[in-house]
Amino acid sequence: MAYIQKKTNAKGEAVYKIKVSCGYNSEGKQITRTMTYKPDPKMTARQVEKEVNKQAVLFEQEIANDNTALRTAKFEEIAKQWLNHIERAGDVKISSIQTYKGAQERTYKAIGHIQIGKLTKKQVQDFIYGLADGSDGGRPLATKTQKPI
């Protein structure tokens, strides 16, 4: 359910802040997304109320369908969930899981802070080059080790 709050901008015009909950992150903190809606000044109060409610419903649907929470999650959060999942599933060799865990610190330091939706190919490629030549502060990894990471 969306939370709607009426506010006044610097010009004295009415704007509406619409806030929707997207659940909770891995640390138990609530994830919320917000949008601002500015109605047309020619609209009547009743039209504004209807339109704000309509915008709130549309925003909720967009959040539910688009999975915005996943796009805005940090790489580190998603990677930890994935590693946990493959470890429990038992589909991957224990030695591979240990290799992934060994690379966690370097990986999270390099790209862990970036939101999944904003992670670019160049950032991933730069990370891989950093593993290869050791410019990320660690010792250079062999080509065979770089590929699965």
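Across segment 75-84, a minimum of one residue is classified as within 27 Å of Glu27 (Cβ to Cβ) and touching a strand residue (DSSP E or B) at 6+ places or on another chain (Cβ under 8 Å). Residue count for segment 16-56 under the criterion of being farther than 30 Å from Ala79 by Cβ, touching a residue at least 24 places away in the same chain (Cβ under 8 Å) and surrounded by 13 or more Cβ atoms within 10 Å (Cβ to Cβ): the result is 8.
In segment 3-37, what count of residues is obtained for those that are touching a Cys at 6+ places or on another chain (Cβ under 9 Å), under 15 Å from Glu60 (Cβ atoms) and either part of a loop (DSSP other than H, G, I, E, B) or not hydroxyl-bearing (Ser, Thr, Tyr) (or both)? Residues flagged as touching a Cys at 6+ places or on another chain (Cβ under 9 Å), under 15 Å from Glu60 (Cβ atoms) and either part of a loop (DSSP other than H, G, I, E, B) or not hydroxyl-bearing (Ser, Thr, Tyr) (or both) within segment 3-37 amount to 2. Determine, yes or no, whether Lys122 is over 28 Å from Tyr24 (Cα atoms) and at pLDDT below 85. Here the answer is no, as Lys122 does not meet what is asked. Kindly evaluate Gly117 against the criterion of being exposed (fewer than 15 other Cβ atoms within 10 Å of the Cβ) and touching a helix residue (DSSP H, G or I) at 6+ places or on another chain (Cβ under 8 Å). Yes.
Look at Met1 and say whether it is touching a residue at least 40 places away in the same chain (Cβ under 8 Å), out of contact with any helix residue (DSSP H, G or I) (no Cβ under 6 Å at 6 or more places or on another chain), more than 30 Å from Glu105 (Cβ to Cβ) and exposed (fewer than 14 other Cβ atoms within 10 Å of the Cβ). Taking the combined requirement at face value, the residue satisfies it.
Of the listed requirements (1) surrounded by 11 or more Cβ atoms within 10 Å (Cβ to Cβ); (2) in the same structural domain as Asp136 (by TED's automatic domain parsing); (3) of a type outside the set (A, V, I, L, M), Lys93 misses just one: (1).
Do we find that Ile116 is modelled with pLDDT of 90 or more, outside the structural domain of Lys29 (by TED's automatic domain parsing) and among the aliphatic types (A, V, I, L, M) in this structure? So Ile116 does not fit the description; no. Among the residues of segment 1-59, not one is at positive phi and aromatic (Phe, Trp, Tyr).
The values are calculated or read from the model by the stated rules, or taken from the named source; none is laboratory data. As the structure is a prediction and not an experimental result, all values here were calculated from the model. Using ideal geometry, Cβ is built from the backbone for each residue, glycine included, and neighbour counts are taken over all protein chains shown.
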